[in-house]
Amino acid sequence: MITLHQVTLVAGSFVLRDVSLEIPAGSHTVLMGRTGSGKTTLLEGICGLRPVQSGTIRIGSVDVTLLPPGQRGIGFVPQDGALFDFLTVRQQLSFALDLRAWSAERQKMRVQTLAAWLGLTSLLDRYPQGLSGGERQRVALGRALSFQPTVLCLDEPLSALDDDTRSEVCAILKEVRARTGITLLHITHNRFEADRLADRILFLRDGHIEHLTQHS
Amino acid sequence: MGLSLLSGTYVVLLLAMIGADFFYTTPGHLWRALGSPEIRYAIRLSLLSCSLTTLLSLWVAVPMGYLMSRRRFPGRALLDALLDIPIVLPPLVIGLSLLILFQSPPLRALERIFPVTYAIPSIILAQFMVACAFAVRTLRTTFDELNPRQEQVALTLGCNRSQAFWRVVLPSARRGILTAATLAWARSLGEFGPILVFSGATRMKTEVLPTTVFLELSVGNLEAAVAVSLLMVGAAVGVLLLIRHCGRPDPTSLHPL
């Protein structure tokens, strides 16, 4: 479970004040709201990419408010994927494993598993410049999942994709959740995408979580 | 039509200028120039000083360009303007300012242990003052253009700030770093004004290639001056091609530089 208690975040002159919410473990929660409502700021706060001015953020029973991003166990997929253009797909998938000093054999097995799962096996030696939009997002997803995080934060990962590719990545996201039981927090503007994937929809309006929709 | 004529005239003048050098000299002149011990010393010193200056410039410009691009701090606008001073200042003034600076008591004391003025270190310092400013400008633009999300993703994957910089930011900026290095090298190769004032023009001591051109011209040896100029034209064209190659990413490439 992700628990935010009266969290205040600042992004330039924008202030997101006293946000409290609970995201159940294993849920796929979609966060919606107008452009500039603070969705990305909130996501950055949870990921540790933006300092929390006040309040606390807990993941499970651990208070992560002051922990650096890499120690929170959160995978992050930004809108454009933000792939490292100097690494092959294989190197992107093993980047976090290398940082954790996994053995070469263990890294290889994990990369093969992820690649097979995400349909990246034939692309492992390609660089991002040679990938389509959908392929790039699948690599970004694989990279974020590689170190087996407990939470996956997605910032409009499907917004730049065409309808067919979007459906394909939606199916992958459903499978990710089914296979890993990971907690997903997902920002989108697309109501169809939210209805298709989410079991909870949150609306961020005027700096406050205003409306909740619970899907059965 | 008028614009084409104007542009065409400039390009023709440019080519004619370089062509004039080529047609003025002969392979014999070039060969004789390369055989001269003074000119060979100038080539060696130019290559050595330009390379050292480039390394020093990158050492300073990479962190400074990154700082200027990614951090907001008091006095940033002032620092930004200060960094342009070596670019806009007349070269002779840079040399004169360095000369006066090294007349101050602390630096005169330093010179008793480590001679700088009218010695080889002065050449590197004079080149560095200008080349570094160009390298900082180039790298700042490079870091401005890099997607900060890549760095943020690296942090969530387990990097600390330092690892994110070394493992993600620097490799992503490789084209800009190479462009900054070639620019710094080329600027250093052509630097003359500050070196003349701060290092002097002593043969076989503080003689770099522009100094050779100046010295050969001053004794009326136009053939040798042109031959050395052609060497510098060749180096400049090489650097230009390298910058063009580095600065133009190939979107169809499957393999980055």
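Once you have a ≥ b ≥ c as the square roots of the Cα gyration tensor eigenvalues for the stretch B:2-150, tell me rounded if a/c is under 1.5, and otherwise prolate or oblate according to whether a/b is larger than b/c.
Judged from the Cα gyration tensor, the stretch B:2-150 comes out oblate (a/c at least 1.5, b/c at or above a/b).
Based on the Cβ-Cβ distance from B:GLN103 to B:PHE214, what FRET efficiency comes out when R0 is 35 Å, to the nearest 0.05?
Once the sixth-power term is evaluated, E becomes 0.90.
Running a GNM on chain A with Cα contacts under 10 Å, which residue among A:GLU44, A:GLU135, A:GLU105 ends up with the highest mean-square fluctuation?
Of A:GLU44, A:GLU135, A:GLU105, the most mobile in the Gaussian network model is A:GLU105.
Which value at 222 nm does the protein assembly as shown reach when only helices count, each DSSP H run of 4 or more adding -39,500 (n - 2.57), with the total divided by all residues and rounded to the nearest 500 deg cm²/dmol?
Calculated from helices alone, the mean residue ellipticity at 222 nm is -18000 deg cm²/dmol.
When DSSP assigns beta bridges and you keep just the ones with both residues in the protein assembly as shown, what percent turn out antiparallel, to the nearest 5?
55 percent
Under the definition of partner shielding as Cβ atoms of other protein chains within 10 Å of a residue Cβ, what is the mean value for peptide B:157-163?
6
Just tell me how shielded A:114-126 is by partners: mean number of partner chain Cβ atoms within 10 Å of each residue's Cβ, no decimals.
0
How large is the convex hull of the C-alpha atoms of the protein assembly as shown per residue, in Å³?
Dividing the Cα hull volume of the protein assembly as shown by its residues yields 227 Å³.
At q = 0.08, 0.09, 0.15, 0.17 Å⁻¹, what log₁₀ I(q)/I(0) does chain A have when each alpha carbon counts as one equal point scatterer in the Debye sum?
Those come out to -0.27, -0.34, -0.97, -1.22, one per q.
Taking only Cα atoms and a 10 Å spring cutoff, compute GNM fluctuations for chain B and point out the largest among B:ALA236, B:ALA20, B:ALA184.
It is B:ALA20.
Tilt of helix B:120-145 relative to the longest C-alpha principal axis of chain B, in degrees (0 to 90, nearest 10)?
The angle comes out near 40 degrees.
From the gyration tensor of the Cα coordinates in the stretch B:123-243, what semi-axes in whole Å does the equivalent ellipsoid have, largest first, with each one equal to sqrt(5λ)?
Here the semi-axes work out to 41, 15, 9 Å.
Evaluate the distance, in nm, between pseudo-label points positioned 7 Å from the Cα of B:TYR24 and of B:LEU78 along their respective Cα→Cβ axes.
Label at B:TYR24, label at B:LEU78, 4.7 nm between them.
Can you work out the FRET efficiency for the pair A:ALA25 and B:TRP59, with r the C-beta to C-beta distance and R0 = 35 Å, to the nearest 0.05?
Efficiency for this residue pair is about 0.10.
Label points 7 Å out from Cα along the Cβ direction at B:LEU34 and B:GLU145: separation in nm?
Modelled inter-label distance: 3.6 nm.
Helix A:133-145 versus the longest principal axis of chain A: what angle, 0 to 90°, nearest 10, using Cα atoms?
Helix A:133-145 and the main axis of chain A meet at about 80 degrees.
Once both axes come from the Cα atoms, what is the angle between helix B:37-70 and the longest principal axis of chain B, in degrees from 0 to 90, rounded to 10?
Roughly 20 degrees between the two axes.
Based on the alpha-carbon gyration tensor of the stretch B:1-48 and its eigenvalue square roots a ≥ b ≥ c, which shape applies: rounded if a/c is under 1.5, prolate if not and a/b is larger than b/c, or oblate?
oblate
With a 10 Å cut-off between alpha carbons and a GNM built on chain B, which of B:THR206, B:THR142, B:THR25 moves the most?
B:THR25
What does the highest-first list of B:209-215, A:53-59 look like by mean Cβ count within 10 Å?
For the peptides B:209-215, A:53-59, the packing ranking is B:209-215, A:53-59.
With a ≥ b ≥ c taken as the square roots of the eigenvalues of the C-alpha gyration tensor of the stretch A:1-40, please select rounded if a/c is under 1.5 and otherwise prolate if a/b is larger than b/c or oblate if it is not?
oblate
Which whole number gives the average count of other chain Cβ atoms within 10 Å of the Cβ atoms across peptide A:78-90?
Shielding by partners across A:78-90 averages 5.
Can you compute the modelled spin-label distance between A:ARG196 and B:VAL12, with each label point 7 Å from Cα toward Cβ, in nm?
Using points 7 Å along Cα→Cβ, the separation is 6.3 nm.
Could you run the numbers on buried accessible area between A and B, total for both chains, 1.4 angstrom probe, in Å² to the nearest 100?
2100 Å²
On the protein heavy atoms, probe 1.4 angstrom, tell me the percent of accessible surface of the protein assembly as shown carried by carbon and sulfur.
63 percent
So how do B:47-59, A:187-199 stack up, highest first, on mean other-Cβ count within 10 Å?
Going from most to least packed, we get B:47-59, A:187-199.
Given the convex hull of the Cα atoms of chain B, what is a quarter of its surface area in nm²?
The number I arrive at for chain B is 19.5 nm².
Using a Förster radius of 51 Å, what is the FRET efficiency between B:LEU96 and A:SER159 based on their Cβ-Cβ separation? Nearest 0.05, please.
The formula returns an efficiency of 0.35 here.
The values are calculated or read from the model by the stated rules, or taken from the named source; none is laboratory data. Treat the numbers as computed from the prediction; the structure is a model and nothing was measured. FYI the Cβ positions are ideal-geometry reconstructions off the backbone, even for glycines, and counts take in every protein chain you see. Side chains included, ligands, DNA and RNA excluded: accessible areas come from the protein's heavy atoms. Shrake-Rupley method; radii C 1.70, N 1.55, O 1.52, S 1.80 Å.
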